[in-house]
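Engineer: Quick one: this structure, given as structure tokens, is what I'll be asking you about.
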Amino acid sequence: MKKQVIVALALSFSLYTFAQKKEVKTLEKAVKSEKFAEANGLISKLEPMVSSMDDKLKAKYYLNKAKALYANGKIQPQNINAALESLTKAESVYGTEVNQMRKMAEQALLQKANSAYTAQNYAAASLGFATLYKVVPSDTSYMYYAAQSALQAKDYDAALSYFETLKEVGYTGEEMQYFATSKISGEEELLDESTRDKYVKLGTHLKPTQRKSESKEAEVVKMIALLYIQKGENDKALKAINEARAKNPDDANLIVSEANIYLKLKQEEKASGLFKEALTKDPNNANLLYNIGVLAMNSDKLEDAKMYFEKALGVDSTYINAALNLSTLNLNQGNALNKKMNALGTSNADFKKYDILKADKNAFFEKGALVLENFLSKNPDTNSIDVLSQLKNIYSALGKSDKAKAIKAKLATLGVN
């Protein structure tokens with residue numbers, strides 16, 4: 001009798017295993033036929049049986065479950081984690097097929113994410129790139145694109161989460177870039193490695209070289225800090241930047257990022273000090289010189305402001321805003337004399353004082369005009385409406401009507417009345 005029970009149990013187990021195999025086979029057929037709704041129904045039926053399956057059958061089940069959820073690229077966002085988990089569980093037996101499926105999923109998801117971004121559907125693009133990072137966690141650039149897309153979508157909570165992930169994984173965005181100089185243009189061109197080598201071999205390019213792209217670590221930390229500031233969490237913002245600076249004390253970009261945080265906090269003196277510190281690391285940075293000049297200007301440190309704007313133009317003669325601000329400093333000093341002029345009476349002595357003050361005012365205006373004239377002489381092709389309009393107004397104030405008319409005519413060609 002005991003033997004009969006054992007035989008009966010063995011037969012029952014054999015029939016149960018057979019049934020499992022049959023159900024998994026049916027699932028496999030449904031997936032191959034792209035009957036994904038039917039396949040998902042079978043998954044619900046099979047799920048309670050998984051624990052009793054042998055390893056090989058489990059792997060087949062999970063592979064087909066992943067395929068059913070993926071649905072040839074029509075996967076729903078809520079199913080992504082389950083599909084990825086299923087692929088991982090099938091990998092030990094179906095490694096080659098799992099890798100192929102991951103690559104297929106990556107290509108399809110990348111196309112969708114790129115299309116969404118091009119169409120300015122940044123929320124969808126952000127979700128797409130974040131999903132890609134789950135599919136290919138070794139490619140951290142997908143998380144960077146997710147963060148940038150979230151910023152565009154103004155989904156700042158998601159952006160902060162993505163940037164925090166980038167910080168945790170030590171993302172730098174550095175990659176090897178390949179260059180060669182074109183014999184035709186004489187310009188160095190950025191190419192992929194194989195194309196560069198091909199062009200050099202053909203003789204159309206020379207001086208092949210390679211170098212790493214600039215690290216995005218400072219940008220990531222800066223965005224974390226700025227997003228915390230937006231949330232009103234200033235302490236967390238400063239903590240983020242200080243941690244980064246502790247690791248990279250000589251990184252001028254990080255110092256600038258901290259300075260920008262203090263600007264957001266309206267602590268301009270602190271920001272100015274940090275910009276000056278960054279300048280010691282990067283003394284020929286026109287943007288740093290300009291920013292220090294602006295902060296000096298805001299603090300009525302006019303001579304300091306002039307010095308920094310002049311230095312910025314010395315480094316970059318095309319720096320329009322530096323030229324405009326340097327000119328404006330002179331105009332402001334001239335206009336500051338109006339109060340004294342208006343306070344004078346009608347006596348002969350007052351008339352003489354008025355004439356002296358007016359001459360001083362005009363001298364400041366002449367200096368303001370000279371700044372812009374020098375800028376235009378060095379940049380004859382510039383069509384900056386701001387520069388031309390300011391120069392026209394100075395000429396008008398000085399009574400130089402012919403020069404004012406000439407500038408007005410040029411502005412007219414640019415569509416300005």
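The values are calculated or read from the model by the stated rules, or taken from the named source; none is laboratory data. Bear in mind that the values here come from a model prediction, so they are computed numbers and not experimental data. Every residue, glycine among them, receives a Cβ derived from its backbone with ideal geometry; neighbour counts consider all protein chains shown.
Engineer: Determine, yes or no, whether Ala218 is outside any loop (DSSP other than H, G, I, E, B), touching a strand residue (DSSP E or B) at 6+ places or on another chain (Cβ under 7 Å) and among the small types (Gly, Ala, Ser).
Structural biologist: It is false that Ala218 is outside any loop (DSSP other than H, G, I, E, B), touching a strand residue (DSSP E or B) at 6+ places or on another chain (Cβ under 7 Å) and among the small types (Gly, Ala, Ser).
Engineer: A follow-up question, please. Sort out for me the helices (runs of 4 or more DSSP H) sitting completely within the stretch 126-206 that have 1 or more residues that are within 22 Å of Ala113 (Cα to Cα) and under 16 Å from the mean Cα position of the chain (by Cα).
Structural biologist: Of the helices (runs of 4 or more DSSP H) lying wholly inside the stretch 126-206, those with at least 1 residues that are within 22 Å of Ala113 (Cα to Cα) and under 16 Å from the mean Cα position of the chain (by Cα) span 141-152, 156-168.
Engineer: Which one is modelled with the highest pLDDT, of the residues in the stretch 243-256 that are within 21 Å of the chain's Cα centre (by Cα) and surrounded by fewer than 17 Cβ atoms within 10 Å (Cβ to Cβ)?
Structural biologist: This residue is Glu243.
Engineer: Go through the stretch 377-392 and count every residue that is surrounded by fewer than 17 Cβ atoms within 10 Å (Cβ to Cβ) and either part of a helix (DSSP H, G or I) or in contact (Cβ under 8 Å) with a residue 40 or more places away in the chain (or both).
Structural biologist: 7
Engineer: Identify all residues within the stretch 22-39 that are in contact with a Lys or Arg (Cβ under 9 Å, 6 or more places away or on another chain) and part of a helix (DSSP H, G or I); write none if there are none.
Structural biologist: The answer is Glu23, Val24, Lys25, Leu27, Glu28, Lys29, Val31, Lys32, Phe36, Ala39.
Engineer: Here's something else I'd like to know. Free of Cβ contacts under 8 Å to residues at least 24 places away in the same chain, within 29 Å of Tyr228 (Cβ to Cβ) and among the polar types (S, T, N, Q): which single residue out of Gln107, Gln148 fits that description?
Structural biologist: Gln148
Engineer: Would you mind stating whether Leu337 is more than 29 Å from Leu295 (Cβ to Cβ) and not acidic (Asp, Glu)?
Structural biologist: Details: more than 29 Å from Leu295 (Cβ to Cβ): no; not acidic (Asp, Glu): yes.
Here the answer is no, as Leu337 does not meet what is asked.
Engineer: Which is modelled with pLDDT under 90 and aliphatic (A, V, I, L, M), of Leu344, Leu372?
Structural biologist: On the way: Leu372 fails: modelled with pLDDT under 90.
Leu344 is the lone residue from the list that is modelled with pLDDT under 90 and aliphatic (A, V, I, L, M).
Engineer: Could you list all residues from the stretch 263-285 that are under 19 Å from Lys301 (Cα atoms), surrounded by 18 or more Cβ atoms within 10 Å (Cβ to Cβ) and of a type in the set (Gly, Ala, Ser)?
Structural biologist: Within the stretch 263-285, Ala271, Ser272 meet the criteria.
Engineer: Moving to a separate point now. Checking Asn330 against (1) in contact with a Lys or Arg (Cβ under 6 Å, 6 or more places away or on another chain); (2) more than 23 Å from Asn383 (Cα to Cα), which test does it fail?
Structural biologist: Answer for Asn330: the failing condition is (2).
Engineer: Can I ask one more? Output the qualifying pairs, or none if there are none: Cβ atoms under 7 angstrom, residues six or more apart or on different chains, first residue in the stretch 120-132 and within 15 Å of Arg102 (Cα to Cα), second residue among the basic types (Lys, Arg) and not in a helix (DSSP H, G or I).
Structural biologist: none
Engineer: Follow-up. If a residue has to be assigned to a helix (DSSP H, G or I) and surrounded by fewer than 19 Cβ atoms within 10 Å (Cβ to Cβ) to count, how many in the stretch 114-125 make the cut? Outline the logic, then answer.
Structural biologist: At the first step, the residues of the stretch 114-125 found to be assigned to a helix (DSSP H, G or I) are 114-118, 122-125.
Keeping just the survivors that are surrounded by fewer than 19 Cβ atoms within 10 Å (Cβ to Cβ) gives 114-115, 118, 122-124.
Qualifying residue count, the stretch 114-125: 6.
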